1. What is the residue count in region 135-149 for residues that are open to solvent by 80 Å² or more (accessible area, probe 1.4 Å) and either among the charged types (D, E, K, R) or not in a loop (DSSP other than H, G, I, E, B) (or both)?
2. So which residues in region 41-86 are surrounded by 13 or more Cβ atoms within 10 Å (Cβ to Cβ), free of Cβ contacts under 8 Å to residues at least 60 places away in the same chain and not in a helix (DSSP H, G or I)?
3. Can you pull out every residue in region 15-64 that is among the basic types (Lys, Arg) and under 30 Å from Ile116 (Cβ atoms)?
4. Within region 67-103, which residues are over 14 Å from the mean Cα position of the chain (by Cα) and within 16 Å of Tyr122 (Cβ to Cβ)?
5. Please determine, by comparing only the residues of region 113-134 that are surrounded by fewer than 17 Cβ atoms within 10 Å (Cβ to Cβ) and farther than 16 Å from Gly59 by Cβ, which one is farthest from the chain's Cα centre (by Cα).
6. Would you mention how many residues in region 87-113 are assigned to a helix (DSSP H, G or I) and not aliphatic (A, V, I, L, M)?
Amino acid sequence: LFNKTEIWSVLKNYQSLSHLKGLMMHIAELSISLITSKREEKNTDIIKQVKQLAEADTGADISLQEMAKRIHISPCYLSSLFKQKTGESYKNYTIRIKISKAKEMLREGDMPIYEIATALGYKSNQHFSHLFQAQTGLLPTEYRIQHRM
């Protein structure tokens, strides 16, 4: 900020209050800019960490509350931040990555649908099928038939 100079030597060069006021405004603007930049970096890192944790364990049903606990922030803040940074809710994001993994499993293997649902953390095969259809427009069995490799 002061190019590694002693602050008092810089302040001595300002003879009028208006010049000093201009300096103080400049200092405030730089400080706010730095704080905002650091906050944005931290928030970006939080979202990156959340995504990595969610994608690493698609078999677990990690709730927003549990994820917030893991990264040591409040669930409300995580929910708001996630929506702001990604444009989608945390819940929709986790559904989307699980359905993406399910599509991969359906294309590449012969695992029964109920086992895929269980492997992705769904307790109900019907719930899984409903979510899958909502995301893809197809039931899991229809998807498997149409997209077999």
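1. 4
2. Ile62, Ser63, Ile73
3. Residues satisfying the conditions are Lys48, Lys51.
4. Scanning region 67-103 gives Lys98, Ile99, Ser100, Lys101, Ala102, Lys103.
5. Looking at residues that are surrounded by fewer than 17 Cβ atoms within 10 Å (Cβ to Cβ) and farther than 16 Å from Gly59 by Cβ, I get Gln126.
6. Qualifying residue count for the region: 13.
The values are calculated or read from the model by the stated rules, or taken from the named source; none is laboratory data. Note that this is a predicted model, so its numbers are computed, not measured. Reconstructed Cβ throughout: ideal geometry from the backbone, glycine too, with neighbour counts over all protein chains shown. Accessible surface is based on the protein model in full, side chains and every heavy atom, while ligands, DNA and RNA are left aside. Shrake-Rupley method; radii C 1.70, N 1.55, O 1.52, S 1.80 Å.
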